[in-house]
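The values are calculated or read from the model by the stated rules, or taken from the named source; none is laboratory data. Here the structure is a predicted model, which means the values were calculated and not measured. Counting neighbours? That spans all protein chains shown, and the Cβs are built from the backbone with ideal geometry, glycine included. What goes into the accessible areas is simple: the full protein's heavy atoms, side chains included, and nothing from ligands, DNA or RNA. Shrake-Rupley method; radii C 1.70, N 1.55, O 1.52, S 1.80 Å.
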Amino acid sequence: SISELFGRLPIFLIMDDFYFVEKNTQPDLIDYFHRLTKGTELFLKLATIKHRSKLYRRTKDQYVGVELGHDVFEVDMDYTLDNFDELRAFMRQLLQTAIRESVASIEIDEMFAGDGFPQLCLASGGVPRDFLSLFVSLANAAVTSGNPIGKVQVNEIAIGNIGTKLESMRRDSGDEDAILDACLKRIKRHVYDNERTNAFLIAKDDLESDGQARQAIRELVDLRLIHLVDHNTSKAPSDGRRYEAYILDISLYDNPRPRNFRQIEPGQKDEKARKDELRASPVFTLEKLREPIPDI
């Protein structure tokens, strides 16, 4: 075998952008390589987008593909906004390491003003690559202007990045880009335009009963256009139902200084450690995903 030629050293077969493979074909492709490498020194590493992937198919008499937690294990390379304190700590450590490696004589707090740093963490969507890319643009602008990086500057850079994000959605979502684009427009119209906030709630039982809408929401999360910030919360005032809480990506804002707008921060709590601001966010019913979008 190939492994024996290298003295039985482990060999890693890396399959990147697996989600570009047609979804119904994915279980067959990964099944072939899994059977080929099982019990050998050849190991598979698969890079993909979670809700654009279908790794196994179960029929009455046959099991095709691989199952998470049994045949393969999941490693999430990015942070999510549901643990914002941990995300902020990691991004600060990441930036501190970059400063140390570049031998720059500057402190992080000297580069930011007000809520600039947490807003940058929020704008990154938890992706270290995006955090560093946004920071480089902001730092270059700060050097030119002589002003530290503030919340408004972060918003401006993030909004300017929306074209790239939408292009990624069209590229990464196959033939479903029109559906996802329509869903995103309906969410933004209700939450940002009508309710003038960035946060919204979706009832968990609605998501469980509407597979198509649930898939659209999950894919928009994977594409970092909306962000899941609480997997299981209640509404304020409580109605006895359980909800998932989301926020819009900052790139979807129309203005870096939106008027009459209430931005909810992930993990934001009052003096009694309650998330009442988030729990009081508007409810988005999944039926709205099917409403017509009026011409403007």
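Which one, Val283, Leu220, Leu9, is farthest towards the positive end of the dipole of the chain when Lys and Arg carry +1 and Asp and Glu -1 on their Cβ?
It is Val283.
Compute the longest continuous run of the chain that contains no exposed chymotrypsin sites (Phe, Trp or Tyr not before Pro); treat a site as exposed when its DSSP state is not H, G, I, E or B and it has at most 15 other Cβ atoms within 10 Å.
74-260
As a test, work out the antiparallel percent of DSSP beta bridges whose residues both lie in the chain, rounded to the nearest 5.
60 percent
Using modelled backbone amide H atoms (1.01 Å from N, in-plane), which distant-in-sequence or interchain residues come within less than 5 Å of Ile264's amide H?
Asn198, Ala199
When Lys and Arg each count +1 and Asp and Glu each count -1, what net charge do the other residues less than 15 Å away from Ile99, Cβ to Cβ, add up to?
Neighbour charge sum, excluding Ile99 itself: -2.
List the residues whose amide H sits under 5 Å from the amide H of Asp210, counting only those 5 or more places along or on another chain, with H placed 1.01 Å from N in the peptide plane.
So Asp210 has HN proximity to no qualifying residue.
Apply the Karplus parameterisation 6.51 cos²θ - 1.76 cosθ + 1.60, with θ equal to phi minus 60°, to every residue of the range 54-66 and state each ³J(HN,Hα) to the nearest whole Hz, in sequence, with x for glycine and proline.
Ordered by residue, 3J(HN,Hα) equals 9, 8, 8, 9, 10, 10, 4, 10, 9, 10, 10, x, 10 Hz.
Grab every C-alpha pair in the range 4-154, bin the distances at 10 angstrom width from 0 up to the longest one, and report whole percents.
9, 29, 20, 20, 15, 6, 0
How charged is the neighbourhood of Pro258? Take every other residue with its Cβ under 11 Å from the Cβ of Pro258, and add Lys/Arg as +1 and Asp/Glu as -1.
Net of charged neighbours comes to +2.
Which residues' amide hydrogens lie under 5 Å from the amide hydrogen of Val283, considering only partners 5 or more residues apart or on another chain, with H built in the peptide plane?
Hits under the 5 Å cutoff: Leu201.
Using +1 at the Cβ of each Lys and Arg and -1 at the Cβ of each Asp and Glu in the chain, identify which of Leu252, Gly65, Asn198 lies farthest towards the dipole's positive end.
Asn198
With every protein chain present, what is the per residue accessible area of the range 93-188 (1.4 Å probe, Å²)?
Accessible area per residue: 51 Å².
Need the full-extension length gain, Met77 to Glu208, defined as separation in residues times 0.36 nm minus the C-alpha distance. One decimal, nm.
That pair, Met77 and Glu208, stretches by 44.5 nm at full extension.
In the neighborhood of Leu120, defined by Cβ-to-Cβ distances under 14 Å, what is the net charge if each Lys or Arg adds +1 and each Asp or Glu adds -1?
With Lys, Arg at +1 and Asp, Glu at -1, the net is -2.
For the chain, which whole percent of the accessible surface, found with a 1.4 angstrom probe, sits on carbon and sulfur atoms?
Summing carbon and sulfur atoms, their accessible area is 51 percent of the total for the chain.
Could you give the dipole magnitude of the range 1-94 about its Cα centre, charging the beta-carbon of Lys and Arg +1 and that of Asp and Glu -1, in debye to the nearest 20?
Result for the range 1-94 is approximately 200 debye, rounded to the nearest 20.
More than 14 Å apart: what percent of Cα pairs in the range 134-218 qualify?
75 percent
In debye, nearest 20: dipole of the chain around its Cα centre with unit charges on the Cβ of K, R (+) and D, E (-)?
360 debye
Using only the alpha carbon atoms of the chain, find the Kirkwood hydrodynamic radius as the inverse mean reciprocal pair distance, in angstroms to one decimal.
Computed over the chain, the radius equals 21.5 Å.
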